[in-house]
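Colleague: There's a structure below that I have some questions on.
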Amino acid sequence: MYYITLKFKMAIKNWFVRSERVKDKHTGLIRYAKYLIDEEHANHKNTSQIIPIFGNIENFIKLASNEAVTLDLSNSQRKGGRPTQSYAQSFVFGLPSSVAKPTPEQWKLIAKDVIREIAKKLEIDLNDLNGKVFANVHDQDNPHLNIVVSRVIKGKALKALDQKGTIGIAKKAFTASSLARCGLDVSEYVPLQTNLGPRQAK
């Protein structure tokens, strides 16, 4: 009896992207913002550097919080609408350790490409996002781009910001931009590990 061993090349469709709401209103936003820029944090012991991409974190906190509070005040005067529980949406765009790292300038271009596609999906003018987006890169073996977006823009709550369709657009934009800006082709990537335990929560 003969046995034939088949080897499969397992490719993935998109690079890793995770998105979640920043909890606990103003307090939670401050806590998360501090984490993003804290090189001494325990989770960053393998991070060689934190690269600023664009935005000032203090200014971002003020503007995002002001937008949310202003909306809540407006809703309370009209006696309608739920209080805003999350002031910002977090996106993390990661690359595996086995691919070439983008340069800071390439990361900046990738971030701009992703934000442009998110804005297009949500039908937001890019100018309205001035000061309402913060981004940096945690440079490590598997580097990742952090983008934080205000959940309220010009008095409107962006309810679709964390919906599946928007996250799907963000994944496609990150994958396409990584290819266009850095030549990182996800279709040529073969995961070094495939059995990584339970999947991330949606």
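Colleague: Give me the 1.4 Å probe accessible area per residue for region 66-165, excluding ligands and nucleic acids, in Å².
Modeller: I get 50 Å² per residue for this part.
Colleague: Next up: Run the accessible area of region 77-164 with a 1.4 Å probe and give the carbon-and-sulfur part as a rounded percent.
Modeller: The computed percentage sits at 46.
Colleague: Using only Cα atoms and rounding to the nearest 10 degrees, what angle (0 to 90) does helix 104-122 make with the longest principal axis of the chain?
Modeller: With rounding to tens, the tilt is 60 degrees.
Colleague: Sticking to Cα atoms, compute the Rg of region 131-188 to one decimal and its Dmax as the biggest Cα-Cα distance, whole number, in Å.
Modeller: 14.0, 43
Colleague: Ordering Arg151, Arg78, Arg31, Arg181 from largest to smallest accessible area (1.4 angstrom probe), what's the sequence?
Modeller: Reading off the accessible areas and sorting them downward yields Arg78, Arg31, Arg181, Arg151.
Colleague: Next question. From largest accessible area down, sort Lys120, Lys101; use a 1.4 Å probe on the protein chains.
Modeller: Result of the area sort, largest leading: Lys120, Lys101.
Colleague: Sticking with this one: In degrees, nearest 10, range 0 to 90: what is the angle between the Cα axis of helix 25-37 and the longest Cα principal axis of the chain?
Modeller: Taking the Cα atoms of the chain, the angle to 25-37 is about 40 degrees.
Colleague: Suppose accessible area is computed on protein heavy atoms with a 1.4 Å probe; arrange Phe174, Phe16 from highest to lowest.
Modeller: The ranking, largest first, comes out as Phe16, Phe174.
Colleague: Say a site is exposed when it is one of the GluC sites (Glu not before Pro), sits in a DSSP loop, and has at most 10 other Cβ atoms within 10 Å; what is then the longest site-free stretch of the chain?
Modeller: The longest uninterrupted stretch comes out as 41-122.
Colleague: What does the C-alpha gyration tensor say about the overall shape of region 53-168? Classify as rounded when a/c is under 1.5, otherwise prolate if a/b is larger than b/c, or oblate.
Modeller: prolate
Colleague: Mind checking the log10 I(q)/I(0) for region 45-112 at q = 0.28 Å⁻¹? Debye, one equal scatterer per Cα, no solvent, two decimals.
Modeller: -1.30
The values are calculated or read from the model by the stated rules, or taken from the named source; none is laboratory data. Since this is a predicted model, take the numbers as computed values, not measurements. Glycine gets a Cβ as well: all are built from the backbone with ideal geometry, and neighbour counts include every protein chain shown. The accessibility values were calculated without ligands, DNA or RNA, using every heavy atom of the protein model including side chains. Shrake-Rupley method; radii C 1.70, N 1.55, O 1.52, S 1.80 Å.
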